[in-house]
Ligand SMILES: [Zn+2]
């Protein structure tokens, strides 16, 4: 099921995925002002203890680089993954640093940008001390049965962590499937 991952804004949709339990991940590699704490969005989240200015680099999404095939083999049966899809369409980063703890929000205070193969989480507005760090996961290519529901609580919450484009694609695919069923039923009667 982990056929889903985050992707940078505006990157083309291709084959994809999300990863190992969070407790298996390192918490200590980030700057000292980033804390991992309980979050209302998900079990754990990443919080800042100081003001972060708009445009500031918050964290890098670090971890081993895997090919999509390697990740498929490793995480085929994982309910949850922390894979970040790179725009080359061939590789993912298996997040294991502090950035892997950053939750999704539909009204985020950061965005993930890929720069020379590195994934950087940058602040898109000022983030005050005590606030949770978030970015839009823009998930894609997930299991059709997995809605990846979003509980971010934002006014503009789209109800799912999938990207707008992915949600449109899934709605169309569901309609096609439904139309196929109707046709088959007609033939049967
Ligand atoms: Zn949301």
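In plain terms, the residue of 151, 47, 135 with the fewest other Cβ atoms within 10 Å comes first and the most crowded comes last, giving 151, 47, 135. Residues 145, 178, arranged from fewest to most other Cβ atoms within 10 angstrom of their Cβ, appear as 145, 178. Across q = 0.15 Å⁻¹, region 39-145 modelled as identical point scatterers on its alpha-carbon atoms has Debye log10 I(q)/I(0) values of -0.65, in the order of the q list.
Of 98, 92, 115, the sequence from fewest to most neighbouring Cβ atoms within 10 angstrom is 115, 98, 92. The calculated pair-distance distribution of region 42-86 uses every alpha carbon pair, bins of 10 angstrom beginning at 0, and gives 19, 37, 30, 14, 0 percent. In this label model, residue 149 and residue 185 are separated by 2.6 nm, measuring between points 7 Å along each Cα→Cβ vector.
Each reported figure results from applying straightforward, stated rules to the coordinates on display, with no laboratory input. Note that the structure is predicted; figures quoted are calculated from it, not measured. Counting neighbours? That spans all protein chains shown, and the Cβs are built from the backbone with ideal geometry, glycine included.
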